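Below: one structure, written as structure tokens.
Quick note: the coordinates plus some simple rules give every number you see, no bench work behind them. The structure presented is a predicted model; accordingly, all values stated were derived computationally and were not measured. Here the Cβ positions follow ideal geometry from the backbone for every residue, glycine too, while neighbour counts run over all protein chains shown.
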Amino acid sequence: MDIFEHVMEKARTAKSASRKMAVLSTAVKDAALRAMADAILRNRAAIREANDKDIAAAPAFGFTKAMIDRLTLTDSRIDAMAEGLREIAAFPDPVGKLTDVVRRPSGIRVGRMTVPIGLIGFIYESRPNVTVDAAGLSLKAGNAILLRGGKEAITSNVVLAGLLSETATANGIPDGAISIVEMTDREGVRHIVEAEGIVDLVIPRGGKGLIKAVVDNARVPVIKHYEGNCHVYVDRTADLDDAVKITVNAKTQRPGVCNAAETLLVHTDVAGVFLPRIAAELESRGVELRGCKRSQAFVPSMKPAVEDDWYTEYLDLILAVRVVDSLEQAVEHINTYSSGHTDAIVTSDIQSAEYFVTAVDSSSVMVNASTRFSDGGEYGLGAEIGISTDKLHARGPMGVADLTTYKWVVYGTGSIRE
């Protein structure tokens with residue numbers, strides 16, 4: 001079977017399943033989610049074995065240590081995947097809610113009902129745990145999902161998707177509601193995003209190359225999980241102890257994830273004190289600093305930053321550093337170079353915080369908190385299928401409710417329009 005036939009067979013089966021998913025009861029969906037969580041824990045050894053094969057192959061793809069961390073499924077991460085499914089099951093069902101009902105002068109009642117989107121094509125790279133998050137969220141929202149992971153995690157993804165699909169089907173979920181494209185050729189991506197009338201929405205989650213390939217070829221709606229070029233700005237009134245903690249956490253806790261900080265901006269009034277201090281903390285943790293000339297004057301060990309550094313999502317222990325003259329200049333830098341993912345300010349001035357929150361055009365804005373909090377679980381969503389850097393139809397971490405749309409429902413009493 002060639003790639004086109006493989007993708008289309010999967011997509012048509014999933015599309016048929018999506019229509020059946022739309023009318024499933026909450027009880028059936030939740031029971032299936034709990035069964036899927038149990039199946040993950042029962043099959044821990046098989047999951048780890050598959051993941052070990054992907055990790056062994058990672059050096060051939062040129063993966064850094066941080067990128068291998070994204071790929072790795074530890075026992076604690078397997079536990080977290082199962083717990084995430086249970087959290088999703090415990091959430092209220094978003095489907096079928098009738099809201100904003102009004103009676104019109106004609107006598108009809110008009111309202112909006114939340115409904116599933118249908119068939120979601122989810123195209124992603126590197127992190128096999130998102131296979132579980134995406135499948136669970138999609139199921140809860142009454143959708144079918146067609147998964148297409150990258151070659152670097154294909155063994156893990158196939159095992160996980162097969163396990164989830166088999167368990168879901170055994171617990172009342174339509175066959176094909178969770179399916180995976182097992183061929184990793186880029187051509188498969190094109191067939192998914194061109195499947196107008198079959199695939200209702202595509203969500204790409206990965207690097208620039210993947211996002212560009214999806215957007216350039218898409219004939220169906222796309223919600224982009226674009227790169228995370230995130231910033232921390234240390235204001236002139238910042239508590240410098242807090243600024244050190246936040247910056248270190250934002251950069252080093254998990255440098256290979258999209259909500260890790262990539263650029264540090266420091267107000268000139270505190271740069272002389274703060275930069276040598278934060279440089280010592282970061283360099284002791286293996287972080288390479290790339291600074292503007294003013295930053296290098298305070299920390300001579302910094303490498304010189306070039307224009308491309310301000311745009312770069314390193315996903316590694318590298319941080320660009322710039323000294324700015326004002327809050328307004330910090331905001332201008334962020335709005336120029338940020339990917340619109342997550343940006344943070346450390347400040348003791350409420351007016352500065354309010355200005356930053358209002359002026360920075362990103363999906364999440366943090367005040368005196370690490371960018372690492374930009375996460376569906378931390379926001380109380382249970383899990384996320386991605387972090388949308390678009391403004392429509394969803395923005396920021398996307399949970400269950402973001403995987404629904406609505407339709408208008410009109411009730412009459414033999415009503416006709418005069």
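State log₁₀ I(q)/I(0) for segment 95-183 at q = 0.24 Å⁻¹ as given by the Debye formula over alpha-carbon point scatterers of equal weight, solvent excluded.
Listed by q, the Debye log ratios stand at -1.12.
I want to verify a result. In a Gaussian network model of the chain, Cα cutoff 10 Å, which of these has the top mean-square fluctuation: Gln296, Gln351, Gln329?
The residue with the greatest mean-square fluctuation here is Gln351.
Take His231, His341 and order them by how many other Cβ atoms sit within 10 Å, fewest up front.
So the ranking, lowest neighbour count to highest, is His341, His231.
Need one number: nm distance between label points at Ala22 and Asp269, each 7 Å from Cα along Cα→Cβ, rounded to one decimal.
5.8 nm
Roughly speaking, what is the stretch gain from Glu332 to Arg294, that is 0.36 nm per residue apart minus the C-alpha to C-alpha distance, in nm to one decimal?
Working: separation 38, 0.36 × 38 = 13.68 nm, distance 1.79 nm.
That works out to 11.9 nm of additional length.
For q = 0.17 Å⁻¹, what log10 I(q)/I(0) does segment 1-136 give under the Debye formula with an equal point scatterer on each alpha carbon and no solvent?
For segment 1-136, the Cα-only Debye profile gives -1.11.
Determine the shape class of segment 230-373: with a ≥ b ≥ c the square roots of the Cα gyration tensor eigenvalues, call it rounded for a/c under 1.5, and otherwise prolate if a/b is greater than b/c, oblate otherwise.
Note, shape of segment 230-373 comes out rounded.
Taking each pair of distinct Cα atoms in the chain once, what is the resulting Kirkwood hydrodynamic radius in Å?
22.8 Å
Sorted from largest down, what three extents in whole angstroms do the Cα atoms of segment 181-282 have along their principal axes?
Principal-axis extents of segment 181-282 (Cα, largest first): 58, 24, 17 Å.
Of the residues Leu98, Leu119, Leu275, which exhibits the maximal mean-square fluctuation in a Gaussian network model of the chain defined by a 10 Å Cα contact cut-off?
Largest GNM mean-square fluctuation: Leu98.
Go ahead and estimate [θ] at 222 nm for the chain from helices alone: -39,500 (n - 2.57) per DSSP H run with n ≥ 4, summed, over the residue count, rounded to 500.
The helix-only estimate for the chain comes to -13500 deg cm²/dmol at 222 nm.
Let me make sure I get this right: for segment 343-393, a, b and c are the square roots of the gyration tensor eigenvalues over alpha carbons, sorted descending. Under 1.5 in a/c it's rounded, otherwise prolate if a/b > b/c, else oblate. Which is it?
The shape class here is oblate.
For the peptides 394-405, 204-215, 142-153, 83-94, what is the packing order when you average, over each peptide's residues, the other Cβ atoms within 10 Å and list the highest mean first?
Values: 394-405: 21.8, 204-215: 17.7, 142-153: 26.1, 83-94: 19.3.
Output ranking for 394-405, 204-215, 142-153, 83-94: 142-153, 394-405, 83-94, 204-215.
List the pair-distance distribution P(r) of segment 1-68, using every Cα-Cα distance, as the percent of pairs falling in each 10 Å bin from 0 up to the bin containing the longest distance, rounded to whole percents.
In order of increasing distance, the bins hold 15, 21, 33, 27, 4 percent.
Springs between alpha-carbon atoms under 10 Å, Gaussian network over the chain: tell me which of Asp375, Asp216, Asp343 tops the mean-square fluctuations.
Ranking Asp375, Asp216, Asp343 by mean-square fluctuation puts Asp216 first.
Read phi for every residue in segment 345-358 and hand back ³J(HN,Hα) as whole Hz from Karplus 6.51 cos²θ - 1.76 cosθ + 1.60, θ = phi - 60°, with x for Gly and Pro.
Rounded to whole hertz, the list is 10, 10, 7, 10, 9, 5, 5, 5, 4, 5, 5, 4, 4, 6.
Which entries of Lys140/Lys208; Lys15/Lys391; Lys151/Lys303; Lys97/Lys251 have Cα-Cα distances beyond 32 Å here?
Correct reply: Lys151/Lys303; Lys97/Lys251.
Whole angstrom only: what separates the Cα centroid of segment 205-242 from the Cα centroid of segment 87-109?
33 Å
Run the quick spin-label model on Arg42 and Asp175: label points 7 Å from Cα toward the beta carbon, then report their separation in nm to one decimal.
Distance between the two pseudo-spin positions: 2.0 nm.
Amide H neighbours of Thr237 under 5 Å, at least 5 residues apart or on other chains, H built in the peptide plane: list them.
Excluding prolines and chain starts, which carry no amide H, the hits are Ser348.
Using a ≥ b ≥ c from the Cα gyration tensor of segment 299-381 (square roots of the eigenvalues), is it rounded, prolate or oblate, where a/c under 1.5 gives rounded and otherwise the larger of a/b and b/c decides, a/b for prolate? Please list the in-between numbers first.
On the way: a/c = 1.80, a/b = 1.26, b/c = 1.43.
Cα axes put segment 299-381 in the oblate bin.
In µm²/s, what is D for segment 51-115 at 37 °C and 0.692 mPa s, where D = kT/(6 pi eta Rh) by Stokes-Einstein and Rh is the Kirkwood radius from Cα pairs?
Details: Rh = 16.4 Å.
Reported coefficient: 201 µm²/s.
Roughly speaking, what is the centre-to-centre gap between segment 1-74 and segment 295-343 when only Cα atoms are used, to the nearest Å?
Rounded to whole Å, the Cα centres lie 36 Å apart.
Tabulate in residue order the Karplus-calculated ³J(HN,Hα) for segment 103-111, using 6.51 cos²θ - 1.76 cosθ + 1.60 with θ = phi - 60°, rounded to whole Hz; enter x for Gly and Pro.
9, 8, x, 6, x, 6, 10, 10, x
Count the net charge of all other residues whose Cβ sits under 12 Å from the Cβ of Val323, scoring Lys and Arg as +1 and Asp and Glu as -1.
+2
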